[in-house]
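Asker: Here it is: the structure, laid out below.
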Amino acid sequence: MNPIWPGGTIGIIGGGQLARMLALEARRMGYRIAVLDPDPEGSAMRLADISVTGALDSLEAARSLAEHSDVITLDTEHVPAELLERLEVLKPVRPSSNVLRIVQDRFEQRRFLEAQGLPQVRNAPVSSAESLRAAARAVGFPCVIKTRRSGYDGKGQARVDREEDLGDAWRTLGEAPAVIESFVHFDREISVLLARDLGGNIRFHPIAENSHRRGILHTSRVPARIPTELARQAEQFGFRIASALGHVGMMAIELFLMRDGGLLVNEIAPRTHNSGHYSFGACATSQFEQHIRAICGLPLGDPSLLRPAVMLNLLGDLWRDGSPNWRTVLSHPTARLHLYGKSPASIGRKMGHILILSEDSDEAEEIAQTIAFELEQSVAIPLERRSE
Ligand code: AMP
């Protein structure tokens, strides 16, 4: 297939922050952007050359996007695979409907990982009240129930410590088809970030070391503090996953590093990823440019790290009494502010992030923690005193 050169139009289904940062990089490179989102004021919609307002599962809206686009990509994996299959006859869709069919269903994803012989937490499917108890006994307690579809940022998940709480936990998830997993005590969480091009070549961004709060990513740090041989093994897992899926574009694989030194695959995301935001400022090629290169049939860029970095997520909680105190953030000269232009700022919603670069990654971490602390403190300060 001929490459799609700058001047061409990249269509994105979903207009969240991933689409927005993709749009920023695409525009820098001279591409045009078309975005489909239900919210005309969505994060990426205002940066789009062409915006299509419509539901993410509307075939009519997706067809209209396809008409304007040379290639179609995704901001979220929660777009029906059947819809993508219908678009594939019109324009190249990357990632493909085949990849989505496996990845957007947690149980299909687990079965795929098992077929690849990759290590993961003990898990079992749940489809009825009867299967719930048997599945929980098979994986053991504590465990976590995760809905098969539509979960993200800890949503659609419930931890269960005792058998008698199983029914209530599943009811809070609407008794939706689910996977039950043993809840493991890991030492660290990391993510492998890779891009696969049309010819099957794969390049890795540096592995990120991640910390979560309430199931939502809090910080990512690079380089990750893990032994080289484990990093190579994690990349090998990523290589096998992306190759077996025939994926094209960026992909993130989240893994647990266990206390005994083993690795367990937690989750595959067939797109750019929050834990790769550090690359937008800290790497020669950001994950967004890399994704554009891959889906447009261009050679992959150099993903090497220019400087150690820590990325700190900014959640809607910080907007509780109005806009956070940006003076606090920007008084740190190494802090780079990214805001996604989202409204309203609800609790847990990803509103932006801060990237801190430093020759010394411990120092970057310290600055990130200081900024997080200062921002959390400032939420308690009344708005009228913010500018003091
Ligand atoms: P997920 O949506 O599966 O990525 O889960 C969000 C976060 O919840 C993960 O990054 C972990 O911090 C935590 N988590 C998820 N599954 C498990 C598990 N089986 N055992 C322990 N922690 C988990």
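Asker: Pick out, in residue order, every one of the GluC sites (Glu not before Pro) in the range 1-65 that is DSSP loop and has at most 15 other C-beta atoms within 10 Å; say none if there are none.
Answerer: Loop-located and lightly packed - Glu41.
Asker: Most mobile of His332, His68, His273 per a Gaussian network model of the chain (Cα springs, under 10 Å)?
Answerer: Of His332, His68, His273, the most mobile in the Gaussian network model is His332.
Asker: Would you calculate the separation in nanometres between label points at Glu130 and Arg259, each defined as 7 Å from the Cα along the Cα-to-beta-carbon direction?
Answerer: About 3.9 nm separates the two model spin labels.
Asker: Whole Å is fine, so just give me how far the alpha carbon centre of the range 157-203 lies from that of the range 66-95.
Answerer: One Cα centre to the other: 26 Å.
Asker: Can I ask one more? Based on DSSP H runs of at least 4 residues, each adding -39500 (n - 2.57), what is the mean residue ellipticity at 222 nm of the chain after dividing by all its residues, to the nearest 500 deg cm²/dmol?
Answerer: Computed ellipticity for the chain at 222 nm equals -9000 deg cm²/dmol.
Asker: What part of the accessible area of the range 122-182, given as a whole %, is carbon or sulfur when the probe is 1.4 angstrom?
Answerer: Values: 1480 of 3130 Å².
Within the range 122-182, the accessible surface is 47 percent carbon and sulfur.
Asker: Take the solvent-accessible surface of the protein heavy atoms, probe 1.4 Å, and return the percent of it on the range 186-386 that carbon and sulfur atoms account for.
Answerer: Working: 3890 of 7800 Å².
Ligands and nucleic acids excluded, carbon and sulfur give 50 percent.
Asker: Report Rg (one decimal) and Dmax (nearest whole number) for the range 186-386, counting Cα atoms only, units Å.
Answerer: Here Rg and the maximum Cα pair distance are 17.5, 57 Å.
Asker: Just to confirm, what accessible area per residue do you get for the chain at 1.4 Å probe, in whole Å²?
Answerer: For the chain, the solvent-accessible area averages 42 Å² per residue.
Asker: Shifting gears a bit: So between His332 and Glu41, what do we pick up on full extension, going 0.36 nm a residue minus the alpha carbon distance? Spell out each step's value before the answer.
Answerer: Details: separation 291, 0.36 × 291 = 104.76 nm, distance 3.08 nm.
The His332-Glu41 span can extend by a further 101.7 nm.
Asker: On to the next question. Give me the percent of the accessible area of the range 9-93 that comes from carbon and sulfur atoms, probe 1.4 Å, all protein chains in place.
Answerer: Whole-percent figure for carbon plus sulfur exposure: 46.
Asker: List, in order, the whole-Hz ³J(HN,Hα) value for each residue of the range 275-292 obtained from phi through the Karplus relation with A = 6.51, B = -1.76, C = 1.60 and θ = phi - 60°; use x for Gly and Pro.
Answerer: Coupling constants for the range 275-292: 6, x, 4, 4, 5, 7, x, 9, 10, 4, 10, 6, 4, 6, 5, 4, 5, 4 Hz.
Asker: Still on this model: Output the Cα-based Rg and Dmax of the range 1-145 in Å, rounding Rg to one decimal and Dmax to a whole number.
Answerer: 18.8, 57
Asker: Between the DSSP loop rule and a limit of at most 16 other Cβ atoms within 10 Å, which chymotrypsin sites (Phe, Trp or Tyr not before Pro) in the range 108-180 are left?
Answerer: Tyr152
The values are calculated or read from the model by the stated rules, or taken from the named source; none is laboratory data. Predicted, not measured: the structure shown is a model, and the values here were computed from it. We place every Cβ from the backbone using ideal geometry, glycine too, and count neighbours over all the protein chains shown. Keep in mind that these areas ignore ligands, DNA and RNA; they rest on the heavy atoms of the full protein, side chains included. Shrake-Rupley method; radii C 1.70, N 1.55, O 1.52, S 1.80 Å.
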